[in-house]
Amino acid sequence: MANIDLAEVAELQRKSANAYELARNAYELAESEADLDSAAIEQQTAASAYRSAVAAREVVIGI
């Protein structure tokens, strides 16, 4: 992993959590099955990014 500090990791966690929230809202407002599928994929992608940020945080703080 490149040089990254805790603030950058926290920002990545915040952004991915926000992306998940937006995708969740899109899922709730979906009007078609295609919209549901698209929003579900966005949720999965954001959740994966968040998990990656958590793993990066653990590396940065030495867990």
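The values are calculated or read from the model by the stated rules, or taken from the named source; none is laboratory data. Please read these numbers as outputs of a predicted model, since none were measured by experiment. Using ideal geometry, Cβ is built from the backbone for each residue, glycine included, and neighbour counts are taken over all protein chains shown.
Of note:
- Failed item in (1) part of a helix (DSSP H, G or I); (2) out of contact with any Ser or Thr (no Cβ under 7 Å at 6 or more places or on another chain); (3) within 26 Å of Asp5 (Cβ to Cβ), with Asp37 passing the rest: (3)
- A single member of Glu33, Glu58, Glu21 is at pLDDT 90 or above, of a type outside the set (Phe, Trp, Tyr) and exposed (fewer than 12 other Cβ atoms within 10 Å of the Cβ), and it is Glu33.
- Qualifying residues in segment 46-63 (those that are assigned to a helix (DSSP H, G or I) and out of contact with any Ser or Thr (no Cβ under 9 Å at 6 or more places or on another chain)) - the one nearest to Asn3 (Cα to Cα): Val60
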